[in-house]
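The values are calculated or read from the model by the stated rules, or taken from the named source; none is laboratory data. Source: prediction; values computed, not measured. Virtual Cβ from ideal backbone geometry, glycine too; neighbours counted across all protein chains shown. Surface accessibility is based on the protein's heavy atoms, side chains included, excluding ligands, DNA and RNA. Shrake-Rupley method; radii C 1.70, N 1.55, O 1.52, S 1.80 Å.
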Amino acid sequence: MERILPATDENIKKGAKILKEGGLVAFPTETVYGLGANVFLPEAVARIFEVKGRPRFDPLIVHISRHGMVSRLFREIPPLAEMLMEKFWPGPLTLVLPKKEEVPDIVTAGLSTVAVRMPAHPVALKLIDWADVPVAAPSANRFGHLSPTQAEEVALDLGEGVDLILDGGKTEIGVESTIIMIEEGKVFLLRPGGLSIEEIEKWVGKIETPPSSPKVLSPGTLKKHYAPRIPLYLFEGKIEDLLLCDLSGIAIVSPFPIADSREEIKVLSEKGDIREVASNLFSVLRELEEGPFRAIISLTVEEKGLGRAIMDRLKRASSGYARVRKGKLVF
Ligand code: TXA
Ligand code: MG
């Protein structure tokens, strides 16, 4: 069987059958591609960790296709969570709440909570619906690498390990979902993502950053993550100074257009749209790591709205800052 198949109804049905029987299916969501397994089959879920090379202490997000499915996962749903599900599902918001006993420990890395979201993508929704089980799915990349936004990137990263990759084209949002935890009426941000904090705060008031107690820590939010294979440095100085340096072997990533049209400068959004910046971020970094560069320097964006998720990913991908001193680049 060809491993990458176009996401037609017929092929989605094949995928649903594979999931039911304990196989692994990669599928598009509105954020990034996910690598899915039937949440109630611990052996299938264990294969996700093997194929990704992911440490077992890093819990997975469970995907559902209809509101009725949450009752199989969450022990109880506080009114605040109910409201957020109504407002933002399907969409790039993941909620962390106490889990039902039936949710296998391997899914949650032994935590007493489980992370759940309903993706806003017709292929993901059909796949989960037709499999008729919640689907545990991390991003479909090798552990630590950039999340895939295209089916071919999944194949390059995970190769033989996946039973089927459903190709639904490039994902729209391009950065992963926003993860929040609700505890005792308070909302904590565990990972900024595709849904802006400002948008959520309109409904729940101030969102807090979690105290660093193990109880609320998000184990997967490791400092170094989402990294390209060549070093990436952030640059916050004057762009004119940077452009005067010797930049041989270096690619520049600029979120927005700049007045220089050198080939090694990659602009993420020519029309200056932050959503387009997010959507192109990982695919451009993947393209640049293929060469012929030895390093990437990325300009930054303001940390508000979607910019917060973009800067979170860039900082995690980076090996520090690049600066210009006396006309020379220093890292
Ligand atoms: O957009 C997304 O969220 C994508 C698509 C495929 O849905 N998925 C994704 O999954 O980004 P992944 O595995 O790359 O990130 C899951 C992260 C974990 O690393 C961890 O930080 C957090 O979700 N997480 C999962 N379960 C948790 C829990 N019970 N408590 C706290 N954090 C949890
Ligand atoms: Mg991931």
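So the values come out like this:
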item	result
Evaluation of ALA109 against (1) on the phi < 0 side of the Ramachandran plot; (2) within 9 Å of ligand 1 (Cβ to nearest atom) (one fails), failing number	(1)
Top-ranked residue in region 173-190 [being farther than 17 Å from LEU146 by Cα and not in a strand (DSSP E or B); ranked as farthest from ligand 1 (Cβ to nearest atom)]	GLY185
Of the criteria (1) of a type outside the set (Val, Ile, Thr); (2) open to solvent by 30 Å² or more (accessible area, probe 1.4 Å); (3) over 20 Å from the mean Cα position of the chain (by Cα), which one ALA109 fails	(3)
Top-ranked residue in region 149-165 [being touching a Phe, Trp or Tyr at 6+ places or on another chain (Cβ under 9 Å) and not hydrophobic (A, V, I, L, M, F, W, C); ranked as surrounded by the most Cβ atoms within 10 Å (Cβ to Cβ)]	THR149
Region 255-280, subset among the hydroxyl-bearing types (Ser, Thr, Tyr) and surrounded by fewer than 21 Cβ atoms within 10 Å (Cβ to Cβ), residue farthest from PRO192 (Cα to Cα)	SER261
Test: residue in region 74-85 that is more than 22 Å from VAL187 (Cβ to Cβ) and either more than 15 Å from ligand 2 (Cβ to nearest atom) or open to solvent by 40 Å² or more (accessible area, probe 1.4 Å) (or both)	no
Which numbered condition THR171 misses (of (1) closer than 20 Å to SER279 by Cβ; (2) in contact with a Leu (Cβ under 6 Å, 6 or more places away or on another chain))	(2)
Residues located in region 86-97, provided they are more than 16 Å from ligand 2 (Cβ to nearest atom) and either surrounded by fewer than 16 Cβ atoms within 10 Å (Cβ to Cβ) or in a loop (DSSP other than H, G, I, E, B) (or both)	GLU86, LYS87, TRP89, PRO90, GLY91
Candidate set: region 281-306, residues that are open to solvent by 30 Å² or more (accessible area, probe 1.4 Å) and in contact (Cβ under 8 Å) with a residue 40 or more places away in the chain; chosen: the one farthest from ARG229 (Cα to Cα)	LYS304
Residue satisfying condition, being modelled with pLDDT of 95 or more, near ligand 1 (Cβ under 10 Å from one of its atoms) and at negative phi, within set PRO119, PRO134, PRO104	PRO119
Count of residues meeting criterion [in contact with a helix residue (DSSP H, G or I) (Cβ under 8 Å, 6 or more places away or on another chain) and hydroxyl-bearing (Ser, Thr, Tyr)] in region 36-75	1
Cβ-Cβ under 9 Å pairs, at least 6 apart or on other chains, region 81-95 side closer than 12 Å to HIS63 by Cβ, far side open to solvent by 10 Å² or more (accessible area, probe 1.4 Å) and of a type in the set (S, T, N, Q)	PRO90/SER65
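Let's see how each residue does on (1) at pLDDT 95 or above; (2) open to solvent by 20 Å² or more (accessible area, probe 1.4 Å); (3) more than 18 Å from GLU176 (Cβ to Cβ):
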{"site": "ARG3", "(1), (2), (3)": "no, yes, yes"}
{"site": "GLU10", "(1), (2), (3)": "yes, yes, yes"}
{"site": "LYS13", "(1), (2), (3)": "yes, yes, yes"}
{"site": "GLY23", "(1), (2), (3)": "yes, no, yes"}
{"site": "PHE27", "(1), (2), (3)": "yes, no, no"}
{"site": "THR31", "(1), (2), (3)": "yes, no, no"}
{"site": "VAL39", "(1), (2), (3)": "yes, no, yes"}
{"site": "ALA46", "(1), (2), (3)": "yes, no, yes"}
{"site": "ASP58", "(1), (2), (3)": "no, no, no"}
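Condition check ((1) in a helix (DSSP H, G or I); (2) modelled with pLDDT of 95 or more; (3) within 30 Å of PRO98 (Cα to Cα)) across all residues:
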{"residue": "HIS225", "(1), (2), (3)": "no, no, yes"}
{"residue": "LEU288", "(1), (2), (3)": "yes, yes, no"}
{"residue": "ILE297", "(1), (2), (3)": "no, yes, no"}
{"residue": "ALA309", "(1), (2), (3)": "yes, yes, yes"}
